[in-house]
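Trainee: Pasting a structure below so you can have a look.
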């Protein structure tokens, strides 16, 4: 687990990692693994963003990429596209059943782990 990750994010990342392992037997777990890894990123982003409160994720991404400088442009782009689209689609019932092969999920989960590591390594905002 990334050093300095809040316990909640670390727990969610451990679940994502195990789901990804199991997805080689059940492809549906790939999607859930991606979803969990993105939730971990949001936990850390919320933890690192000043006055995050209950702001919507899009606002956190914009704030993190702008004045606060918490996110790089690459991270913000990734989060805006994958996190918001995948997470929102599932959370709001627009995507009720999505299956992806593990080979597609691995880079997404890996990127989420990398972003969590980078956010935790950066000085707190």
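Trainee: Any idea which residue in the range 75-87 is modelled with the lowest pLDDT, counting only those that are out of contact with any helix residue (DSSP H, G or I) (no Cβ under 8 Å at 6 or more places or on another chain) and surrounded by 12 or more Cβ atoms within 10 Å (Cβ to Cβ)?
Mentor: For the range 75-87, the residue satisfying everything is 85.
Trainee: Identify, from the list 3, 59, the residue that is assigned to a helix (DSSP H, G or I) and over 14 Å from residue 108 (Cα atoms).
Mentor: 59
Trainee: Are any residues in the range 4-53 touching a helix residue (DSSP H, G or I) at 6+ places or on another chain (Cβ under 6 Å), surrounded by fewer than 18 Cβ atoms within 10 Å (Cβ to Cβ), more than 16 Å from residue 64 (Cα to Cα) and at pLDDT below 90, and if so, which ones?
Mentor: 4, 6
The values are calculated or read from the model by the stated rules, or taken from the named source; none is laboratory data. In this text the structure is predicted, and so the values were computed from the model without any measurement. Backbone-built Cβ (ideal geometry, glycine too); neighbour counts: all protein chains shown.
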